[in-house]
1. For Y86, all conditions in the list (1) touching a Ser or Thr at 6+ places or on another chain (Cβ under 7 Å); (2) at pLDDT below 90; (3) closer than 14 Å to S9 by Cα; (4) not basic (K, R) hold save one; what is the number of the exception?
2. Say we look at region 112-128 and pick out the residues that are touching a residue at least 12 places away in the same chain (Cβ under 8 Å), in a helix (DSSP H, G or I) and charged (D, E, K, R); which of these is nearest to N23 (Cα to Cα)?
Amino acid sequence: RSVNLSNSSFIVTGPNQKAIDANKEAVKKQIAFYCSTRSYSKVLEVQGFEDLGVWLHEMSLKQQWDQMTGLITDEILDAFAVIGGYSEIPALMKERFDGQLDEIVFNAIGPGSPDEAEVRKAIAGLQE
C-alpha cells in the first residue's frame, strides 16, 4: 500500500466496571462535542445517525453542552468506541479493525490516568 491508514478510535477501558462506566460518560461527552460540528455530518450519516448532528449543532449554539451528552446513546457509543476491560481491548480492536488499518492510536479517555502497565500490555496484545 502506498498510503498508511491510521485510526484514533475512542477506547473506553479501565480496571473495573465502575471505571469503565465513568469513562463511557467522558467519551460520550467528547462524541457529543465532535458530532456537533457540521464537518462530522458525513461520519454520522455513514453510521445512520444523520439527524443527531443537526440536533447537537443546534444545542451547541444554545450552549447546552451538558444536555448534549444525554443524546449519545450506548448504540452511538458502540459505533464510535471500543469498550472493554484492559485485557479485552486488544481482541476487540483486532475484531473491529484487523486488515483495515496499518496503525492504531491508543487513545483512552476518562477521569484519572489509565494504568500504564495495563495499557502497555494492551498495546503489546495489539502487536501480536
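The values are calculated or read from the model by the stated rules, or taken from the named source; none is laboratory data. Small disclaimer: the values here were computed from a predicted structure and weren't measured. Cβ: placed from backbone, ideal geometry, glycine included. Neighbour counts: every protein chain shown.
1. Among (1) touching a Ser or Thr at 6+ places or on another chain (Cβ under 7 Å); (2) at pLDDT below 90; (3) closer than 14 Å to S9 by Cα; (4) not basic (K, R), Y86 violates only (3).
2. E118
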